[in-house]
1. For residue B:95, state whether it is facing chain A (nearest Cβ under 7 Å), out of contact with any strand residue (DSSP E or B) (no Cβ under 6 Å at 6 or more places or on another chain), in contact (Cβ under 8 Å) with a residue 24 or more places away in the chain and over 27 Å from residue B:187 (Cβ atoms).
2. Checking the conditions here, which among B:92, B:99 is buried (at least 16 other Cβ atoms within 10 Å of the Cβ), outside the structural domain of residue B:142 (by TED's automatic domain parsing), under 17 Å from residue A:16 (Cβ atoms) and modelled with pLDDT under 95?
3. Would you mention how many residues in the stretch B:88-117 are under 25 Å from residue B:26 (Cβ atoms) and not in a loop (DSSP other than H, G, I, E, B)?
4. Here are some conditions: (1) within 11 Å of chain B (Cβ to nearest Cβ); (2) in contact with a strand residue (DSSP E or B) (Cβ under 8 Å, 6 or more places away or on another chain); (3) more than 26 Å from residue A:156 (Cα to Cα). Residue A:32 meets all but one. Which one does it not meet?
5. Can you find a residue in the stretch A:118-127 that is touching a helix residue (DSSP H, G or I) at 6+ places or on another chain (Cβ under 6 Å) and either in a helix (DSSP H, G or I) or within 25 Å of residue B:93 (Cα to Cα) (or both)?
6. Within the stretch A:190-221, count every residue that is surrounded by fewer than 23 Cβ atoms within 10 Å (Cβ to Cβ) and at negative phi.
7. When the residues of the stretch B:103-114 are filtered to those that are in contact with a helix residue (DSSP H, G or I) (Cβ under 7 Å, 6 or more places away or on another chain) and within 14 Å of chain A (Cβ to nearest Cβ), which remaining residue is surrounded by the fewest Cβ atoms within 10 Å (Cβ to Cβ)?
8. When you look at residue A:89, is it closer than 24 Å to residue A:168 by Cα and touching a strand residue (DSSP E or B) at 6+ places or on another chain (Cβ under 9 Å), yes or no?
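The values are calculated or read from the model by the stated rules, or taken from the named source; none is laboratory data. For clarity, every value in this text was computed on a predicted model and none was experimentally measured. Positions of Cβ are generated from backbone atoms using ideal geometry, with glycine treated the same way; all protein chains shown enter the neighbour counts.
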């Protein structure tokens, strides 16, 4: 294709049966949706516009052709809705159902984009949407099966001066720690301020993965361009400081000690 | 990254254990090499310069960390040699060892690139290198474990006026048929003219996959820019005409009837 803009970014994500989804609770179309959504979510966190996607399927012996087509349709529907061009692919036989999606995103200039490494003391820390919905016991939740990449929010936040951004794939505690480490700063987050999905406890919202909401650092003005809940701030120092609802440091939070 | 040139092309390829390699005969570094080589081979056939690669590993439970690192090193060595930047990746647990590589390639203009659909009556049909080496009974052959993407040859041939090009991943008979169909032309290929790897019969050279040599259509002058063996020509009509060493049409060639 003709390069859509001067700056290209790219990302690759794989979803595997038994790890990221179960065919007991997800349809083939759900799996296709999730595979593309997780890859696009990385572009969202960079503030890039979606461009092209390349898709590779590993299909186990006996996987029905019509289910493979349904899987491809799940990708196609989300691709059309987000303006992503599926530019090619590969299909191989293998031991377990696995879908890999590589995406290119585009930007007019580097200044439109956002990394994970720019958080600085004085920034606020916020998140889009609600947290924890995908981690609720009923794993078949819509949110877990069909995460929504925050493409518009990501682009708007990056252009509005976000200093660091990440998509919440591994869970807030882990992903916030990635931003803290990359930025060489200290993120201080209060569990009491988390926007909780219905029925979700703060601790689950902080550790549950697969939300694919964005965590963003930057000035308060970011709230003018996207729905954000402020959950903390960036301070001098290094690492992640999680405070429980009583304001005491959280200990023993899985996925947070590294 | 900054877009390296105005035109981007891309490709994705997956190799899976038990299908494309066996860990009985391939080292983890061989697997990494092959995964990147098969993706780069697609760029070679388009005449594009390698740009960035994204890599995704599915590692079965118990796959040793040091072997995963060796696999990554196998990718890294070929990446450095070919000027490919490994720009990102994903690692997930899953049922079987699977490596997917997505690559971006670049060109200064569309006219530098070559597709599969431009073969026209009067063109010659040629191949680089030797055929059949990867399909020899000893599957552990160097050629099978470590195919070499013909990047320099592909770029030179595309710029020198190749009308159609394809990499021989599925075997000459199948890949030539793809070009014939895409071009709406008839490819006439004589098995007697195939450049055979030592110990390989013409029929195996025509059907064995995994060679990753290039098949090219175009004017005789292409032989001035790359080592080519001419094996046939493009004629009016449609489809593929394979002639055996006695000049009679080949019947019942596996991988050729579609």
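1. yes
2. B:92
3. Of the residues in the stretch B:88-117, 12 are under 25 Å from residue B:26 (Cβ atoms) and not in a loop (DSSP other than H, G, I, E, B).
4. Result: residue A:32 passes all but (1).
5. No, there is no match, as no residue in the stretch A:118-127 is touching a helix residue (DSSP H, G or I) at 6+ places or on another chain (Cβ under 6 Å) and either in a helix (DSSP H, G or I) or within 25 Å of residue B:93 (Cα to Cα) (or both).
6. The number of residues fulfilling the criteria is 17.
7. Here the answer is B:112.
8. no
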